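Sharing a structure with you now.
The values are calculated or read from the model by the stated rules, or taken from the named source; none is laboratory data. None of the values given here were measured: they were computed from a predicted structure. As a convention, Cβ positions derive from the backbone with ideal geometry for all residues, glycine included, and neighbour counts pool all protein chains shown.
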Amino acid sequence: MPSPRPQFLLLQVRNLDDPMREQEVGCFATALGCPADSIDTHDLLSGPPPRHRLSAYAAVLLGGSGDYSVAAGGEWLEPVLDAMRQLHEMGKPTFASCWGFQALARALGGRVVTDLSRAELGTIELELTEAGLADPVLGILPPRFIGHAGHQDIVDTLPAGAIRLARSDRVEYQAFTFPGKPIYCTQFHPELTRRAFLERLEQYPSYVERIVGCSLERFAAGVRETPEANRLLRRFVQVVLDSELA
């Protein structure tokens with residue numbers, strides 16, 4: 001019997017030799033509670049996927065990036081932002097974390113800046129807004145919870161009409177959605193466990209030196225498990241996708 005068609009399309013912004021490409025698939029599979037072969041990937045650095053490919057999956061996923069910045073951009077970025085606008089226009093079920101959060105914000109009219117004074121790295125405390133408390137996806141979380149973050153690009157202004165769902169002490173916009181659209185975006189990483197987060201930082205050690213100014217070994221002692229945040233992707237499936245996938 002042939003295998004079922006993959007249900008998710010993960011749009012990646014990572015160099016071809018980056019071992020975190022495969023790791024990212026595994027992280028999303030674990031967080032979604034699905035086999036890794038339920039997730040196809042598309043390399044955004046080679047160009048955006050055509051609209052018919054976006055339509056072929058139950059949901060689209062976006063995560064972090066190894067060496068690429070939404071704020072800094074590049075020739076490759078504008079066609080990718082067009083694909084983000086298509087996801088919004090289609091009302092395509094989408095979950096975006098970190099780089100994906102920033103890309104969707106910028107594509108739809110928000111502002112993204114690089115600001116080391118507001119950079120976050122580690123297990124951080126987050127707080128739901130009133131809208132977040134009432135939201136069917138993020139509302140399963142307690143009012144204050146922890147999540148993994150690693151970024152120096154900041155969403156400084158949300159797109160018009162976006163609903164802010166969470167904040168942190170340093171960064172005002174940590175999660176958002178759009179009215180009537182099955183699209184959820186988080187600056188933090190609900191797809192990462194403690195182990196997976198530290199694997200990422202072993203691959204990109206300059207991040208620790210630049211943002212927190214200490215060794216990875218010392219930094220790792222303060223990284224915690226984030227079981228509440230790790231529930232979000234399964235909740236996204238339950239709420240946004242049909243019962244067959246839930």
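Here is a list of conditions, (1) more than 16 Å from the chain's Cα centre (by Cα); (2) in a strand (DSSP E or B), and His42 meets all of them except one; can you say which number that is?
(1)
Right, here's the next one. Consider region 68-117. How many of its residues are of a type in the set (D, E, K, R) and touching a residue at least 12 places away in the same chain (Cβ under 8 Å)?
6
Which of (1) modelled with pLDDT of 95 or more; (2) under 15 Å from the mean Cα position of the chain (by Cα); (3) not hydroxyl-bearing (Ser, Thr, Tyr) does His52 not meet, given it meets every other one?
Going through (1) modelled with pLDDT of 95 or more; (2) under 15 Å from the mean Cα position of the chain (by Cα); (3) not hydroxyl-bearing (Ser, Thr, Tyr) one by one, His52 breaks only (2).
If I filter region 6-39 down to residues being within 21 Å of Leu77 (Cα to Cα) and acidic (Asp, Glu), which single residue comes out as nearest to the chain's Cα centre (by Cα)?
The selected residue is Glu24.
Name the residues in region 147-172 that are buried (at least 18 other Cβ atoms within 10 Å of the Cβ) and within 21 Å of Tyr207 (Cα to Cα), would you?
Gly147, His148, Ala149, Gly150, His151, Gln152, Asp153, Ile154, Val155, Ser168, Val171
Something else about it: Answer with yes or no whether Leu121 is surrounded by fewer than 20 Cβ atoms within 10 Å (Cβ to Cβ), within 23 Å of Ala31 (Cβ to Cβ), modelled with pLDDT of 95 or more and touching a Pro at 6+ places or on another chain (Cβ under 8 Å).
It is false that Leu121 is surrounded by fewer than 20 Cβ atoms within 10 Å (Cβ to Cβ), within 23 Å of Ala31 (Cβ to Cβ), modelled with pLDDT of 95 or more and touching a Pro at 6+ places or on another chain (Cβ under 8 Å).
Count, please, the residues in region 182-216 that happen to be touching a Leu at 6+ places or on another chain (Cβ under 9 Å) and of a type in the set (Lys, Arg).
2
Filter region 29-41 down to the residues that are closer than 16 Å to Leu241 by Cα and not aliphatic (A, V, I, L, M) and list them by number.
Correct list: Gly33, Cys34, Ser38.
Another question about this same structure. Only one residue in Leu133, Leu201, Leu216 is modelled with pLDDT of 95 or more and not hydroxyl-bearing (Ser, Thr, Tyr). Which one?
Numbers: Leu201 fails: modelled with pLDDT of 95 or more; Leu216 fails: modelled with pLDDT of 95 or more.
Answer to the check: Leu133.
Looking only at region 23-73, which residues are of a type in the set (Val, Ile, Thr) and buried (at least 19 other Cβ atoms within 10 Å of the Cβ)?
The initial filter retains those residues of region 23-73 that are of a type in the set (Val, Ile, Thr), namely 25, 30, 39, 41, 60, 70.
Val25, Ile39, Val60, Val70, listed by residue number.
Among Pro35, Pro6, Pro19, which is the only one that is touching a helix residue (DSSP H, G or I) at 6+ places or on another chain (Cβ under 7 Å), of a type outside the set (Val, Ile, Thr) and free of Cβ contacts under 8 Å to residues at least 24 places away in the same chain?
Pro35
If you scan region 11-22, which residues turn out to be surrounded by fewer than 22 Cβ atoms within 10 Å (Cβ to Cβ) and not in a helix (DSSP H, G or I)?
Scanning region 11-22 gives Asn15, Leu16, Asp17, Asp18, Pro19.
Could you check how many residues of region 154-174 are within 16 Å of Ala103 (Cα to Cα), within 15 Å of the chain's Cα centre (by Cα) and of a type in the set (A, V, I, L, M, F, W, C)?
Count: 2.
Grab the helices (runs of 4 or more DSSP H) fully contained in region 179-246, keeping just those with 1 or more residues being in contact (Cβ under 8 Å) with a residue 24 or more places away in the chain, in contact with an Asp or Glu (Cβ under 6 Å, 6 or more places away or on another chain) and surrounded by fewer than 17 Cβ atoms within 10 Å (Cβ to Cβ).
Correct list: 194-203.
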